[in-house]
Amino acid sequence: MATRRYNVMLQPEVGGGSHASCPVLPGCHSFGGTVEAALANAKDAIEGYIESLRKAGEPIPIDDLIIEHVEVTV
């Protein structure tokens, strides 16, 4: 098995914690009460998503997104 990296986007939730999603895996979302928990849960969700793709004989996407920050004056 190969090791791959996937980008995870974290968004703070109003009531606390963070929502985590993986942009290259549509519908792959999780939540955690802390950033660390959200990332750990995202890893589990990504592994489960990939396992379901594997079982269905579907290709496993490669995360080739480039994410950069842009500063703007507001």
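The values are calculated or read from the model by the stated rules, or taken from the named source; none is laboratory data. These numbers come from a predicted model, not from an experiment. Neighbour counts run over all protein chains shown; Cβ positions are idealised from the backbone, glycine included.
Name the residue, out of L65, L25, that is in contact with a Phe, Trp or Tyr (Cβ under 6 Å, 6 or more places away or on another chain), free of Cβ contacts under 8 Å to residues at least 60 places away in the same chain, in a loop (DSSP other than H, G, I, E, B) and not basic (K, R). Step through it out loud before you land on a result.
Numbers: L65 fails: in contact with a Phe, Trp or Tyr (Cβ under 6 Å, 6 or more places away or on another chain).
None of the others qualify; the one that does is L25.
Yes/no per residue for (1) of a type in the set (S, T, Y); (2) at pLDDT 95 or above; (3) in contact with a strand residue (DSSP E or B) (Cβ under 9 Å, 6 or more places away or on another chain):
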site: M1; (1), (2), (3): no, no, no
site: P12; (1), (2), (3): no, yes, yes
site: G17; (1), (2), (3): no, yes, yes
site: L25; (1), (2), (3): no, yes, no
site: S30; (1), (2), (3): yes, yes, yes
site: A40; (1), (2), (3): no, yes, yes
site: I60; (1), (2), (3): no, yes, no
site: V70; (1), (2), (3): no, yes, no
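Among the residues making up the range 1-55, those that are over 17 Å from L65 (Cα atoms), hydroxyl-bearing (S, T, Y) and surrounded by 14 or more Cβ atoms within 10 Å (Cβ to Cβ) are S18, S30, Y49. Scanning the range 42-60 turns up at least one residue that is among the basic types (K, R), without any contact (Cβ under 8 Å) to a residue 40 or more places away in the chain and over 21 Å from E13 (Cβ atoms).
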